[in-house]
Every structure is written in structure tokens, then in C-alpha cells.
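Worksheet: one structure, shown below.
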């Protein structure tokens, strides 16, 4: 069941498009914002609300990199693996993170604290290597800084 | 040297508020237009200015606008493509975060020129600071009467919405962007019909890049002759150039079109890091051809870079130095393209992962003699005309030029069965 808050936020998105189901990506974003990820059950609820079949909505949900159809941790670490960061040594950052957290890309720590994901160019190539945790962008990242950065997130 | 787009960017990079923007002449162009310029006269002015799209393709902005049917049918749409996701590109972010009202004024003027009544900023999800800045600026613009009903008493109405994406490179392609905005998978549409005729929800639509739109208020204030004089060559205006990779001072600078690659790297980016030599560069994001040492004096404008066998693209250089493996460099690019292929057309969906795997095996020391032929096969069969959209041809640009300029390095990997750089 969608909550009243979720419904209100989805209605706002519906109000600016001429076709109800055109707001379906916004609706998925709303649900993910409240529930961290989009379960099968959430997907069915959103589909019903948007007057779509679950299959049609899932074809959209599974297309986009940042709509999560599997459970994720409390914090999402996005490591830029695109060209400028690769040139500037992203692999060291990746290796340190996977070792420190004991997880590979696509996995979540057992305590649910972090999900580690690779990510396309974060658009801050002059300060590569870069990574993003939730909404916080970190530039010119060094291995030495990483431990300190991770401590900010509980 | 004039820097119309960036001269008012604050040192602390905080967004310019409405009051600050108005103090330096902000919304003067809008007042001028609303006092009595016709939509057609704006289209003609922008055509005369010879402004070319700053998103990568370099198509004439005024010409693009002129394809929108001139009638009173509603709705019509104007969309700012702020989905900056080309690897190595970080120019629109600066404009979005620091001068949101410049973009909004540019959008209102452009919307008026094509008589659009609805507008969207299609913003990349990762640009959280930009989202806050644009959200606030749209709110301020409504409060000041620059958006909404009867703008500045002119009788012209325009609404503006901010849409943040959910991550997919394809969304930067304008017809895929329209599908995404309609709540669909971001796959490209067949052209024709072009979006100018049948775009968002089947209505006439213009999609322009952020940097393109930010130029419009200045062209209206200062005229097309002024815009011509900004550049050093036949391609008019300034450009936000960037440099990333192993240079001393990576960064972005607004400079006249037509400065040389050598000037940009040496005078602005501080030259190569100590102990490293320039080996090559992609002049405008990931989907363009390499330029090498013999091209250092090529003028960075659309025409000259094309004559040198590449494309200016987004104008943000990615530098390849002599201590970085060119095969690994290209493998990183092809892996990106393979991941981001939308999967809609077969050659791109199947071909790009194949290319990426071949490059990986060469890089890991398992390359075979026939791999070079296979790679060359793909540069032809994933090239222009063989795929549905420009993603795969774009992916082949750095590959085919790398084979051309760095063939010995590829062959050395295969002969020695290892990466000489590791």
C-alpha cells in the first residue's frame, strides 16, 4: 500500500504531465526515496496507482541505473569508473573500498551500512578520482582520506 | 577577453541569486524582448549569430528553432538538456550550479522564440547542488513574474519544471530524453519525424544544451556581430573548454572558439605533469576521435577539429599521457559504452560488449593476432549508418583512431602477451 505522503508526492508529478503514466519514473523515485528500494510489492502498488501493468512498469524500473530493484544499504557509495577517474587511479580507490568493506561492486555490507556501486562519470573530471556517498560528492579522493570519509556514515 | 557566460561566477561557486543576477544586467534581454521583439526576429538573430549547439553535435541553433511550425497550436515544449553524462565532461555543471538564472532567462527567451508554453530542465540525478540551485531559481523567477502567466505584462505564458533523471547515458540523446520524460525506457526514436515537428507527447519540441541556452540572453543584449567577434575563427562565440587527465592544473575555462589545443593544455592547464609526455587527447568527451602530437596546433572550433579528423564534441579534453596504457584507456571507454548501450538495436547491444571483451583480453595479455582484424571489423560495422542511433558510432570513434595512431602499442600487447605499461 502506498502511504498518503507517497500518494501526495506522486500526484504532484502527475499534475504536470498530460498522461498519467508518464509520471511513473517520478512515482518510482518517490517510493524509493521513502523505502530505499523498490520491492516487487512496491512495484505492483505503484503500477496499480499509475494504471499500468506491473510488467510495463518493471520494464522502466529495470532500465535505469539508479532505480534499485534489490535491497540496498543505508548509504550508497558510487565510485566513478569512467575515463578521467581511471586515468587518475580509480582502481586503487575501488580496491581499497572492496577490501575495507569486504564487498564487491553490487553488494551490501552485512550490517546494511553500505552498498557499493560503480558509476559513470560524475562530471567532476578536473578533480578526479571522485566518488559520491548518498548526496555528498568527494573529489581528489586518496586512499588515506577514505577511512575518514566512511566514518561520517553510520 | 570577454567571458559572457562565466564572468559573474562567484569565487566560492555559490549560486548567483536573482538579485545578484539582476544587478549585473540579468533579465534585461527578457525585458527587451517582451517590450516588442517578435519571435521570428529572435530566431533570425540567433541564426545570424551562427551559434552552434554546445552539447556535442554542433548544429546551428537558429536553424533548429526555425523547423518548429509557426502556428498557435499548443502545447509546444522547450527542454534544456542538462543530462551531462559524457565521460570527461564537466562544463554544464558549472553553469547549472553557479548561474541558474542565466539558464532560466535563456530558456524563457528560447521558448518565446519558438512560442513554447511549457518547458523542462532535464537534469542529471548526480547534480544535487545544481538541482537545489535550479529549483530555487525557478521559484524566484515565478515570484518575479518572469515565469507563469502574462510574463512582464506581455501576454506570453510559460511554465517551467525541473525533472531529475535516474541515470542512463542514453538520456542525453534528445529523442531518448523525450522518451524518458514521457516515463518510458530511454531508447532513441526514429527520425523523421524530428522533435521540432513531433517531440514530447507528439508535440513540437526543441531540446537545447545548457551552454547553448546560456548564450541566448547575451546574443539578444549585444547582437550577432558582437558574438562573431568573440571567437578567433569562423565558428562564433566562446566555449567552456575543460582539461582532465595528468596535467598540472586540470580545470575548465571559458575561452574564444579557435584557441589551439597547445595553448589550452600549456597555458591554462599548466602543461603535462612532470615526467610525463603528451601522447594524445580526446578533444570533446568519450565519443570522439583521438588527436595526437601533430595536432597540437589545431584550432579548437567545430570546423578545424573536424578537418583534423575528430569532433569538438563537448570541448572538454581528456589527456592520454605516455605512462598510461592506450589499450587500457580505450578498453575503459568501450566498457562504458557497452554498459550504457540501451540494448534496443542488435549491433550495438551485441557488438559493444564483444569489442570490450577483446580489448580486455589484449590488455590482460591474452590477445590474438586476429583480434586486430576483429576490432577493425567492428569499427566499420558499428560505424555510422549501421546502428539505430549515434551511440555505437560514437563508441567506435576513439577505437578506430586509437588503432590508427597507436597500432604499435596494440600489437606490442599481443606479441609480448602482456601490457607493457603494467
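The values are calculated or read from the model by the stated rules, or taken from the named source; none is laboratory data. What you are looking at is a predicted structure, and each value in this text was computed from that prediction instead of being measured. A quick note on method: Cβ atoms are made from the backbone with ideal geometry, for glycine too, and the neighbour counts reach across all protein chains shown.
For the stretch B:177-209, the tally of residues that are touching a strand residue (DSSP E or B) at 6+ places or on another chain (Cβ under 7 Å), within 13 Å of chain A (Cβ to nearest Cβ) and surrounded by fewer than 24 Cβ atoms within 10 Å (Cβ to Cβ) stands at 1. The criterion of at least 1 residues that are at pLDDT 95 or above, touching a strand residue (DSSP E or B) at 6+ places or on another chain (Cβ under 9 Å) and closer than 22 Å to residue B:280 by Cβ is met, among helices (runs of 4 or more DSSP H) falling completely within the stretch B:344-422, by B:391-416. Taking the stretch B:147-164 as the range and being more than 14 Å from every other protein chain (Cβ to nearest Cβ) and at positive phi as the test, the residues that pass are B:150, B:152, B:153, B:155.
Would you mind stating whether residue B:390 is in contact (Cβ under 8 Å) with a residue 12 or more places away in the chain, closer than 25 Å to residue B:185 by Cβ and buried (at least 20 other Cβ atoms within 10 Å of the Cβ)? Criteria not met by residue B:390. Among the residues of the stretch A:34-41, are any without any contact (Cβ under 8 Å) to a residue 12 or more places away in the chain and within 12 Å of chain B (Cβ to nearest Cβ)? Looking for residues that are without any contact (Cβ under 8 Å) to a residue 12 or more places away in the chain and within 12 Å of chain B (Cβ to nearest Cβ), one finds none in the stretch A:34-41, hence no.
Evaluation of residue B:126 against the conditions (1) away from chain A (no Cβ under 14 Å); (2) within 22 Å of the chain's Cα centre (by Cα); (3) assigned to a loop (DSSP other than H, G, I, E, B) shows that the sole unmet condition is (1). Only one of the numbered conditions (1) under 24 Å from residue B:181 (Cα atoms); (2) part of a loop (DSSP other than H, G, I, E, B) is not met by residue B:37, and that is (1). Against the list (1) within 14 Å of another protein chain (Cβ to nearest Cβ); (2) in contact (Cβ under 8 Å) with a residue 40 or more places away in the chain, the condition residue B:249 fails is (2). The residues listed here are B:59, B:122, B:90, B:67; of these, the one that is surrounded by fewer than 21 Cβ atoms within 10 Å (Cβ to Cβ) and either closer than 30 Å to residue A:85 by Cα or without any contact (Cβ under 8 Å) to a residue 12 or more places away in the chain (or both) is B:59.
The set of residues in the stretch A:105-154 that are in contact with a strand residue (DSSP E or B) (Cβ under 7 Å, 6 or more places away or on another chain), part of a loop (DSSP other than H, G, I, E, B) and surrounded by fewer than 19 Cβ atoms within 10 Å (Cβ to Cβ) comprises A:105, A:106, A:107, A:113, A:134, A:153.
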